[in-house]
Amino acid sequence: MAYLPNEVSGPVPNDADRMFWHYCQQHELRFQQCGSCRRFRHPPTPVCPYCRSFEIVWVRAPDTGAVFSFTIVHHPAHPAMKAVVPYNIVVVDFPACDHVRLVSNLIDVPPQEIRIGMEVMLAWETAGNGLLVPRFKRKQPG
Ligand code: ZN
């Protein structure tokens, strides 16, 4: 079973992030890198916010990152979430990609054990609408 219930449908790709989700469907987490100044950015945008270039390179991210921040949700804001509270929302940092950050969930760690700086590894799950979404597990030592 996925971390969030199937009633939480999943992402709806738009013009800006369509390629991000396209790569996710191939089990590839990729971030945009500017083809001119080489800086990474996320979420995806059509124009580099640093140098205004339209050149985009999609670079494969490492399978590991670190928890930059997190919150534990106790109140089910939607009836579908009632069965899964408390659940976490984590912000995962990727130092190798200019510290771009991805909002996701940590699927195998009890809320009281989540720590800022905790190393995590990529774990793909299928959302309610059938799209693969990047989620994370605790990185095992070694
Ligand atoms: Zn740039």
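The values are calculated or read from the model by the stated rules, or taken from the named source; none is laboratory data. These numbers come from a predicted model, not from an experiment. Glycine also receives a Cβ, built like all others from the backbone with ideal geometry; neighbour counts cover every protein chain displayed. To get the accessible areas, we keep the full protein, side chains included, count just its heavy atoms, and leave off ligands, DNA and RNA. Shrake-Rupley method; radii C 1.70, N 1.55, O 1.52, S 1.80 Å.
Assorted remarks:
- The charge dipole of segment 62-142, taken about its Cα centre with unit charges on the Cβ of Lys, Arg, Asp and Glu (plus for the first two, minus for the last two), comes to roughly 180 debye.
- Accessible surface ranking that places the most exposed of ARG30, ARG60 first, with a 1.4 angstrom probe: ARG60, ARG30
- Accessible area in the full protein assembly, largest first, 1.4 Å probe, for MET1, MET118: MET1, MET118
- What the Cβ-Cβ distance of VAL57 and HIS27 gives, at R0 = 22 Å and to the nearest 0.05, is a FRET efficiency of 0.70.
- Charge dipole magnitude, Cβ of K and R +1, D and E -1 - segment 1-125, Cα centre, debye nearest 20: 380 debye
- Rolling a 1.4 Å probe across the protein heavy atoms gives segment 14-60 an accessible surface of 59 Å² per residue.
- Dipole axis of segment 18-124 (+1 Lys, Arg; -1 Asp, Glu on Cβ), positive-most option in HIS74, VAL103, MET121: VAL103
- Computed in the context of the full set of protein chains, the accessible area of the chain at 1.4 Å probe radius has 55% of its extent on carbon or sulfur.
- Compared with the direct C-alpha span, the chain from VAL103 to HIS75 gains 8.2 nm at full extension, assuming 0.36 nm per residue.
- Backbone geometry of segment 66-73 corresponds, through the Karplus equation with coefficients 6.51, -1.76 and 1.60 at θ = phi - 60°, to 3J(HN,Hα) couplings of 9, 5, 8, 7, 7, 9, 10, 8 Hz, x marking Gly and Pro.
- Dividing the summed -39500 (n - 2.57) terms of all DSSP H runs of n ≥ 4 by the residue count of the chain sets its mean residue ellipticity at 222 nm at -1000 deg cm²/dmol.
- Note on ASP63: accessible area approximately 80 square angstrom, rounded to 10, probe 1.4 Å, nucleic acids and ligands left out.
- Most fluctuating residue given options VAL90, VAL103, VAL12, as computed from a GNM of the chain linking Cα atoms under 10 Å: VAL12
- Per-residue 3J(HN,Hα) values for segment 133-138, derived from phi via the Karplus relation 6.51 cos²θ - 1.76 cosθ + 1.60 with θ = phi - 60°, read 10, x, 10, 9, 10, 4 Hz in sequence order (x marks Gly and Pro).
- Interchain or long-range residues, amide H under 5 Å from PHE68's placed H: VAL91, VAL92, ASP93, GLY117
- Each pair of Cα atoms in segment 14-60 enters the Kirkwood radius, and Stokes-Einstein at 20 °C and 1.002 mPa s then converts it into a translational diffusion coefficient of 202 µm²/s.
- Cα pair distances in segment 1-84, grouped into 10 Å bins until the bin that holds the longest one, percent each: 15, 34, 33, 15, 3
- Ranked order, SER104, SER9 - accessible area, probe 1.4 Å, largest first: SER9, SER104
- Shape analysis of the chain based on the Cα gyration tensor places the equivalent ellipsoid semi-axes at 27, 18, 13 Å, largest first.
- Ranking GLN33, THR45, ALA16 by how far each Cα lies toward the positive end of the dipole of segment 14-60 (charges on Cβ) leaves GLN33 at the top.
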